Amino acid sequence: RSLLKSDLRGDEIIVVSNREPYIHERTAEGQIKINRPASGLVTAVEPVMRACSGIWIAHGSGSADRDTVDKLDQVAVPPEDPSYQLKRVWLSEEEEAGYYFGFANEGLWPLCHIAHVRPVFRASDWEHYRAVNQRFADAVVSAARTEDPVVLVQDYHFALVPRMVREKLPRATIITFWHIPWPNSESFSICPWRSEIVDGLLGSTILGFHTPYHCKHFTETVDHLLEANIEQEHSTITYGGHQTLVKNYPISIAWPEGAMPPVEACRQELRERIGVGASHLIAIGVDRFDYTKGLIERVSAVAVMLERHPDMIGRFSLVQVAAPTRSSLEEYRTFHERMDKLVQDVNARFGQPGYQPVHLFATHHDAVTLQRYYRAADACMVTSLHDGMNLVCKEFIAARDDERGVLLLSRFAGAADELPDALIINPYSIEDTADALHEALTMSEAEQRDRMRSLRSTVQHNNVYLWAADMLVDAARTRLRERIEARI
Ligand code: G6P
């Protein structure tokens, strides 16, 4: 963390993301309650901003009570120890429908994740996307106090912001991070506005992805769409006289500090919640309720495991936390219904009085509760069909200072590159996932310890401060080179 501060040495930091790190809601009693949203992006970027200070510009829609808009236009956060400013951009319902629900989540999200959900591209959504990107770019420009701030643009909501900011602040250092996968160039080319998106991103000084694979896909996409100069050995793309470094920076979490609650208490608490005894085996799943997370495949694998190992019936349950997300979209609602139905079927098939094989908690859970659940579990299932990185697996690892518990991890999550000592699974093979779940539940303590020790040393070292510091060190080098070149 101190490395991060010394890298910045007084530079001005501005973050832009759609999701805000804190949601201020007014309760029925008129009090303001502050929530943290379920978002991998927020989990990663928030600790970095606490360490760096500066200003974070985000869409204020999560802050439900629009009567409090004036007061909450800009707030110092985190609430318990303010260290940076949160500035909100308020969007109309129409803008939100077109830019966020429409182009970002019905277009780009399924375009970039291979989950076999067909992207929807509407010209009206694209118009809103472009206009909202302009609004955020303007917000950056008006927040900037210097002509060369460091602007951290986050994710697929803002592909056009880097170019728009660069037009007004040519000397800005713009670091863009794409938190989701980038598909191969042929898949990407179905987007009617493919060239505009790629051009927008190439306004960045640095463009980061989670894995070398996503970088390769992006570079090939540029190669097919634009007359750009690609220098493979330096990982740079020069387009319109401007150079962008395209590199992978695997995102992570802040390694927890301080004492954790006793494992025994956590185990007891979760088992009480689902009404089972102390020796009951539990696998935990924690996700947003999203069709990319492989939830149907996960529950199906539980059913196959119980079918193959009837001795596990009555002795094992999956506890699945699924935070509601983007629920006004048809695709998400249908998915929710399919999942509810499957859980009911599996419970009807294998359940017994006082025993359910699957518990689905479809509500938001805070970080403290989730940490207790991770500690209570015998295994954690991450079965994403496709995922940029996935931070749940890293949070599970970080929570297990007892060096117990087994991680099942989808090979289609970016995290699989870094964490080969998890049980790596293909979620599309229900049978293999079922076998891996059984292996996890019967794994010796010694093997659990060896695997967990290795996973923990990786995540502890490759933490989120390293992620941010790596990008900022690269940015600092570029700034220096630009200053030298300007003098020549
Ligand atoms: C993913 C995206 C983030 C997003 C998060 C939650 O992690 O990459 O940008 O914030 O999902 O989704 P939501 O639509 O609720 O912000």
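Quick notes on this one:
- Restricting Val302, Val276, Val319 to those that are surrounded by 18 or more Cβ atoms within 10 Å (Cβ to Cβ) and in a loop (DSSP other than H, G, I, E, B) reduces the list to Val276.
- The number of residues in the stretch 117-161 that are away from the ligand (no atom under 16 Å from the Cβ) and in a helix (DSSP H, G or I) comes to 15.
- In this structure, Ala76 does not qualify as of a type in the set (A, V, I, L, M, F, W, C), touching a residue at least 24 places away in the same chain (Cβ under 8 Å) and more than 16 Å from the ligand (Cβ to nearest atom).
- For Thr325, the criteria (1) part of a strand (DSSP E or B); (2) among the polar types (S, T, N, Q); (3) within 16 Å of the ligand (Cβ to nearest atom) hold in every case but one, which is (1).
- Residue count for the stretch 375-389 satisfying the condition of being surrounded by fewer than 24 Cβ atoms within 10 Å (Cβ to Cβ) and closer than 19 Å to His179 by Cβ: 2.
Listed here are the residues, each with its yes/no results for (1) surrounded by fewer than 17 Cβ atoms within 10 Å (Cβ to Cβ); (2) more than 16 Å from Pro149 (Cα to Cα); (3) in contact (Cβ under 8 Å) with a residue 12 or more places away in the chain.
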position: Thr442; (1), (2), (3): yes, yes, no
position: Glu447; (1), (2), (3): yes, yes, no
position: Ser454; (1), (2), (3): yes, yes, yes
position: Ser457; (1), (2), (3): yes, yes, no
position: Asn462; (1), (2), (3): no, yes, yes
position: Tyr465; (1), (2), (3): no, yes, yes
position: Leu472; (1), (2), (3): no, no, yes
position: Ala475; (1), (2), (3): no, no, yes
position: Ile488; (1), (2), (3): yes, yes, no
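Residue-wise test of (1) assigned to a helix (DSSP H, G or I); (2) free of Cβ contacts under 8 Å to residues at least 12 places away in the same chain; (3) among the small types (Gly, Ala, Ser).
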{"site": "Val165", "(1), (2), (3)": "yes, no, no"}
{"site": "Thr176", "(1), (2), (3)": "no, no, no"}
{"site": "Ile180", "(1), (2), (3)": "no, no, no"}
{"site": "Glu186", "(1), (2), (3)": "yes, yes, no"}
{"site": "Ile190", "(1), (2), (3)": "no, no, no"}
{"site": "Asp199", "(1), (2), (3)": "yes, no, no"}
{"site": "Ser204", "(1), (2), (3)": "no, no, yes"}
{"site": "Lys216", "(1), (2), (3)": "yes, yes, no"}
{"site": "Glu220", "(1), (2), (3)": "yes, no, no"}
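- Counting the residues of the stretch 270-297 that are more than 18 Å from Ala376 (Cβ to Cβ), touching a Ser or Thr at 6+ places or on another chain (Cβ under 8 Å) and away from the ligand (no atom under 16 Å from the Cβ) gives 1.
- Top-ranked residue of the stretch 7-16 - restricted to ones that are touching a residue at least 40 places away in the same chain (Cβ under 8 Å) and outside any helix (DSSP H, G or I), ranked as farthest from Thr146 (Cα to Cα): Val16
- Of the criteria (1) closer than 17 Å to Arg166 by Cβ; (2) over 25 Å from the mean Cα position of the chain (by Cα), which one Thr205 fails: (2)
- When each of Arg50, Arg19 is tested for being at pLDDT below 95, outside any strand (DSSP E or B) and either in contact with a strand residue (DSSP E or B) (Cβ under 8 Å, 6 or more places away or on another chain) or within 11 Å of the ligand (Cβ to nearest atom) (or both), the lone residue that passes is Arg50.
- Of all residues in the stretch 33-57, those satisfying the criterion of being touching an Asp or Glu at 6+ places or on another chain (Cβ under 7 Å) and surrounded by fewer than 16 Cβ atoms within 10 Å (Cβ to Cβ) are Lys33, Asn35.
- Answer residue from the stretch 25-38, given it is touching a helix residue (DSSP H, G or I) at 6+ places or on another chain (Cβ under 9 Å), of a type outside the set (Lys, Arg) and within 16 Å of the ligand (Cβ to nearest atom) and is nearest to Gly388 (Cα to Cα) among those: Pro37
- Among residues of the stretch 100-116 being surrounded by fewer than 22 Cβ atoms within 10 Å (Cβ to Cβ) and not in a helix (DSSP H, G or I), the one that is nearest to the ligand (Cβ to nearest atom) is Ala115.
The values are calculated or read from the model by the stated rules, or taken from the named source; none is laboratory data. Predicted model, so just to flag it, every value in this text is computed and none were measured. Cβ: placed from backbone, ideal geometry, glycine included. Neighbour counts: every protein chain shown.
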